[in-house]
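The block underneath contains the structure these notes are about, expressed in structure tokens.
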Amino acid sequence: MRILFKTSYLDDIRLFPHSGYLIWYGILGACLLLAPLVLREFHVGELSQVFILAIAGVGLMLLIGYTGLASLGHGAFMAIGAYVNTYLIAKGVPFLISFPVSGLAALVAGIVVALPANRMTGIYLAIATLAFSQIVEQVVVRWESVTRGFQGMPVPAPDILGHPLTQAWEFYYLCLAVLVLVVLGAINLIRSPTGRAMVAIRDSEISAQSLGVNLVRYKTIAFAISAFITGLAGALLGHKLKFISPDAFNIILSIQLLLMVVVGGLGSIHGAIFGAIFVGGLPQAIALMRDYLPAVIARTPGLEPGLFGLVMILIVLFEPLGIYGRWLKIKAYFDYFPLYRRATFKRQRSYLKTERVR
Amino acid sequence: MELLQLIVGGTAQGCVYGLIALGFVLIYKATEMVNFAQGDLMMLGAFMALTFVGTMGLNYWLGFLLAAVCMAAFGYLLDALILRRIIGQPQFAIVILTISLGFLLRSGAGFIWGHETQVFETPFTNRIVKLGELILPLESISMIAGTLILAGALYLFFNFTKVGNAMQASSQNQLAAYYMGIPVKRINSLIWALSAIVATIAGVLLSPVSLVDPSIGFLGIKAFAAAVIGGFGSLLGTVLGGLIVGISETLVGRYLPPGFKEIFAYLLMLAVLLVRPQGLFSTMQRKKV
């Protein structure tokens, strides 16, 4: 076990607390860079899908995991990103401009949602964002002059400085680059005063307010940044699917995003990535399992959402800290080897603390 | 005349929203859990009744009763076995748990009963009553009457029975109720059972109109809007919220361009939340600094 001796605040917020981080992340980065050389085209495509999910997951994690605001409507931000991007490209705007603009469009939508959302907490917020996503879905269906409704729109390959990224490996590197930028941005945000204020709001609104954190301002910022990142992911998803229609961005997508951050582990960027790997890999795992399951179960159409539900229930009940929490526990076990105590990670509260007064 | 006709239809629809919303509010008042699976409980109740009446050929009322009893047991066990474990975790965890429960129920129902839409022949299907020029489908009347009867029964139950009083007490202050010797855990499970019964009634009343398939639970999202408009606190307010949503939605569907009908409930809800974040008829406030 390594004991870090910190002598200043800068030591505490360093991006890589010790050389071990640099080595392991270096190895991971090298593997990801070399992956398209080794993997088949199908798997490269699947990996880019995971990257896109991870980008959206980081966006949602900033909101749910770091600011403590539940959103059931993040699929709508993805839809906004995808449609704005596709519409602009169809109008002849180059990808390098339309891509950030699609994020900005989602950002504006995020601020619009945040304005009423600042007055709500907990369930009201969750319900309001759910309502928002339903409204966006209807707008996408009905505003046919722009979105072409249920007919959907084809999405051309992203074009960077006159070079269209038609190959799977080219798109893979694009997604990887965006993901790395987003993750670095998110980590930097978390260690900045803004990020600290967000975490303070998550842990206790009342104490954050008492310490002088402007709730409305920081909640709006959190919503805006989260929506921006999710919008970028939406634009990339559009390119990945090559065709967008309202069905691609329904409530199931929002719930998948939610599942990602919960399964991965709330309150950590790692969690968003782990969650994306889980959600991106689950359909593959189910497809593999289908061969071994009895035919009656394997051929049921609603199998996937049902399995999603089951996994979520089990995780919320038995591992509230998610995959990342499990990883921390395993690490702690070996760090403290014969001295590990289960109570280290025990939940503090086991009674109902009321949120209301009469 | 057309307006009156629309209002009656909207009232019937609103009654169903109100009933589903009532299920949310019962659970929320007692345990501060928001049950996102309420719509799916309704779906399950409708399927149970369909099985008893349609497949097994029992009498409609007997099947209705059996379905309600089965669902009550289901709700009780759901709380006792799964949901009770989560008390003390953040509200968010509860939201996720009930959402995933909804997914599981929908998938399970699809597995058992199939994903095709099924017709539920009730004594009210396709029959009309003429009141002067007014032509009223019997289904609508059954929905309104069912809601009225249920509301009356709930009023009597909460005010004149020991269990009802205990439920009120434990929803006002769990700890105090516990000290007074009320078995709070069992009361909470009973409230889940009660809420499942309400959901079943909503499902069976709705089934002649909307038919039955595993995705009718999505109606629960609209019922949410009703519950929020009603304030998530008072039972009467909730039913009123349902009526507001049902009637306005029907009128909007008739007089505004298509698309507005689907989202009007949410727009209304957002507007209410902006003006009165605690709902129109709420008696509760949040903690403030």
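The values are calculated or read from the model by the stated rules, or taken from the named source; none is laboratory data. Please read these numbers as outputs of a predicted model, since none were measured by experiment. Ideal geometry is used to build each Cβ from the backbone, glycine not excepted, and the neighbour counts take in all protein chains shown.
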What residue, of A:275, A:309, A:325, is modelled with pLDDT under 85, away from every other protein chain (no Cβ under 11 Å) and buried (at least 18 other Cβ atoms within 10 Å of the Cβ)? A:325
Take residue A:358 and decide whether it is in the same structural domain as residue A:255 (by TED's automatic domain parsing), modelled with pLDDT under 80 and of a type in the set (Lys, Arg). no
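Does residue A:125 satisfy the condition of being in a helix (DSSP H, G or I), within 11 Å of another protein chain (Cβ to nearest Cβ) and free of Cβ contacts under 8 Å to residues at least 60 places away in the same chain? Walk me through it before giving the result.
Working: in a helix (DSSP H, G or I): yes; within 11 Å of another protein chain (Cβ to nearest Cβ): yes; free of Cβ contacts under 8 Å to residues at least 60 places away in the same chain: yes.
Taking the combined requirement at face value, the residue satisfies it.
Which ones in the range A:199-231 are among the polar types (S, T, N, Q) and over 13 Å from residue A:66 (Cβ atoms)? Write out each step before concluding.
Residues of the range A:199-231 that are among the polar types (S, T, N, Q), as a first pass: A:204, A:207, A:209-210, A:214, A:220, A:226, A:230.
A:204, A:207, A:209, A:210, A:214, A:220, A:230, listed by residue number.
Taking the range A:148-169 only, how many residues are assigned to a helix (DSSP H, G or I) and away from chain B (no Cβ under 12 Å)? If you could, list the steps in order and put the result at the bottom.
First pass over the range A:148-169, keeping only residues assigned to a helix (DSSP H, G or I): A:149-151, A:168-169.
If we keep only those that are away from chain B (no Cβ under 12 Å) too, we end up with A:150-151, A:168-169.
Result for the range A:148-169: 4.
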The range A:128-147, subset more than 9 Å from chain B (Cβ to nearest Cβ) and polar (S, T, N, Q), residue nearest to residue A:218 (Cα to Cα): A:129
Within the range A:68-90, is there a residue that is over 20 Å from the mean Cα position of the chain (by Cα), at the interface with chain B (Cβ under 10 Å from one of its Cβ atoms) and in a helix (DSSP H, G or I)? no
